Structure formats: C-alpha cells, structure tokens
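*Asks:* Got a structure here, written out as structure tokens. Questions coming.
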Amino acid sequence: MFEILEKYYLGPKIQYALVKAPLIARKAEAGQFVILRVNEKGKRFPLTIADFDRDGGTITLVFQEMGKSTHLLGQLSAGDHIMNVLGPQGNPTEVEKFGRVVVVGGGIGVAPVFPLARKLKEHGNEVTAIIGFRSKEHVFWEERMRSAADRLLIATNDGSYGEKGFVTEVLARRLESGPADRIFAISPAVMMKAVADLTRPLGIKTIVSLNSMMVCGMGMCGACRATVDGKTRFTCLDGPDFDGHQVDFDELISRLGTYREEENVSFERWRKEAKHGN
C-alpha cells in the first residue's frame, strides 16, 4: 500500500498527489512512469512520474480525471492509500549536453516536462520551455517551470493568459528567431504529431513520449504497441521515448480514439452501477 501524503487540485479535473514510495523515488528518472491500481477492483493504468524526492522517499503524480481509473484515484484524499504502484517503468529520457533545446508540454503533459527540463538544464543545456493550456484556469506549475528553464513561454488556446494560440505556433516563432539542437514534446498525440511535422523539414531531432496507452507495462498484452520506423514497438519496454519523425501518428491516434471510446463506455456503465448501488 502506498500512502498519499498530499492531494489537491491544480486546475479543472487536474489533481496533484504526493505519494510515499521510497524504493521508486530512489531509482526514478525523468521520462519514466509507474503503473497504478487504486484498489482490488481497479484497472492497471500508467502515469508519468512528474517529480521525485530521493531523500524524502516520495514521487509526484499529476493526473486528469478522464475515465473510471483516474476518477477512482481522484476520490482518494491525503492519508488514503493506493493499492499498487509499480515502477519506475520505461526507459529514462536520454539527456546530454545538446546545446539549445526546447521542451514542449501541452495540458497534463506539462507535469512530466518539468523533471525533463530540470535535468536538461543540469547537463548544461540552454532550455526554452513552451507550455500550453486551454485557458488561464488550466495553467499550473508556472513557477516550477520557470525554475527549470532559462526561458518560459506560455500559450492558451483562448488567449486568456500568455500568448494566444497553440504551442506549435509559439514553437514556430521560437525556431524562426534562432536554431535549436533538440526538441522534446510531451502532450496529447495530436499535438506531438504537429510538433514533429513542424520540425521534420527543419531537420531538428524531435523526441516524443508515447505513454498514454498501457495495460500490463511488461510488453505482454500488446496494448501499447506503436509503429516506429516501420516496425512494431512496445512503448512500455522500448519507450516511452521515440524519434517523433519515425512514429506513425495517424495509426497511433486512431488506436487511441478506439481505446478512449471503450474507456468512456466502461466509465459511464460504472457510474450508472455506482449510482444504483450495484
């Protein structure tokens, strides 16, 4: 059992949880994730590690309530326990001194961008962070990101805070003002595809994190498969980071859409059953 030490909302349906997990915190690196099961009736689902404190023995999780599993996690409070937390899973993001790097985070993807930006800066890189949200009320971790980057650019779809537009528009202007040696993007698949499409003709290597579809976390179920450079890869074992220019995003987005439709049907069924006490 893993105790939740702190828990609160960062924005609409977006929650922060500080979890006691000393063994995981000791080994965790930027880019890795954990597999959770809230209780004995819950499903296994992945969350990227948003931060870790080796001395304090804690990991930070940031999640959005979307389906049954994240809704169950959202109902827990500080002092409650999560039944299973397996990790750290996946391969850490490969970081070295690249030079001028840009990290791009969209929505909930901003959380895992934070430890990555911090690690890149620790390795002597000049880090520009671009984070995007739907509106001002969804903005979170602005100060954390400022501490981890040399320059922070914020975009909101409706222009209620920062620059108006999508992160890809801000990224395009950033690249017009000067070159970049490496791009990292963590966000919904559609946005990562847009980032990869933007940087491909410029020849800037772009790393994306494909961590949104996993079940077993051990490469056995095949749910997390993706086509990369024409070959089948399992994001839990081979990733979650891949060269964005080699990912078949059209296939990935199609599979994600099917998964979410099934999850939404399952969630609605669960809500009806819970309402009637079944």
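*Asks:* Restricting the first residue to the range 90-119 and requiring it to be assigned to a loop (DSSP other than H, G, I, E, B), which pairs with a second residue that is β-branched (Val, Ile, Thr) meet a Cβ separation below 9 Å and a spacing of at least six or different chains?
*Replies:* Gly90/Thr48; Gly90/Thr235; Thr93/Ile207; Glu94/Ile207
*Asks:* Among Ala148, Ala180, Ala172, Ala185, which is the only one that is more than 20 Å from the chain's Cα centre (by Cα) and crowded, with 19+ Cβ neighbours inside 10 Å?
*Replies:* Ala180
*Asks:* Another one. I want to confirm something. Restricting to the range 197-210 and keeping residues that are within 26 Å of Glu126 (Cβ to Cβ) and in contact with an Asp or Glu (Cβ under 9 Å, 6 or more places away or on another chain), which single residue is surrounded by the most Cβ atoms within 10 Å (Cβ to Cβ)?
*Replies:* That would be Val208.
*Asks:* Let me ask you something else. Among the listed residues Glu29, Glu40, Glu65, which satisfies the condition of being in contact (Cβ under 8 Å) with a residue 40 or more places away in the chain, surrounded by fewer than 16 Cβ atoms within 10 Å (Cβ to Cβ) and not aliphatic (A, V, I, L, M)?
*Replies:* Residue meeting the stated conditions: Glu40.
*Asks:* Pull up the range 110-145, narrow it to residues that are under 20 Å from Ala30 (Cα atoms) and among the acidic types (Asp, Glu), then point me to the one that is surrounded by the fewest Cβ atoms within 10 Å (Cβ to Cβ).
*Replies:* The qualifying residue surrounded by the fewest Cβ atoms within 10 Å (Cβ to Cβ) is Glu143.
Residues checked against (1) out of contact with any His (no Cβ under 7 Å at 6 or more places or on another chain); (2) within 23 Å of Thr70 (Cα to Cα); (3) not assigned by TED's automatic domain parsing to the domain that holds Asp181:
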site	(1), (2), (3)
Val195	yes, no, no
Thr199	yes, no, no
Thr206	no, no, no
Met218	yes, yes, no
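*Asks:* When the residues of the range 201-241 are narrowed to those that are outside any helix (DSSP H, G or I), aliphatic (A, V, I, L, M) and at pLDDT below 95, which ends up farthest from the chain's Cα centre (by Cα)?
*Replies:* Met220
*Asks:* In the same structural domain as Gly106 (by TED's automatic domain parsing), over 17 Å from Gly109 (Cβ atoms) and in a loop (DSSP other than H, G, I, E, B) - does that describe any residue in the range 166-177?
*Replies:* No, every residue in the range 166-177 fails to be in the same structural domain as Gly106 (by TED's automatic domain parsing), over 17 Å from Gly109 (Cβ atoms) and in a loop (DSSP other than H, G, I, E, B).
*Asks:* Within the range 45-55, is even one residue closer than 15 Å to Gln89 by Cβ and not hydrophobic (A, V, I, L, M, F, W, C)?
*Replies:* Yes, some residue in the range 45-55 is closer than 15 Å to Gln89 by Cβ and not hydrophobic (A, V, I, L, M, F, W, C).
The values are calculated or read from the model by the stated rules, or taken from the named source; none is laboratory data. Quantities reported herein were computed from a predicted structural model and do not represent experimental measurements. Don't worry about glycine lacking a Cβ; one is built from the backbone with ideal geometry, like all the others, and counts go over all protein chains shown.
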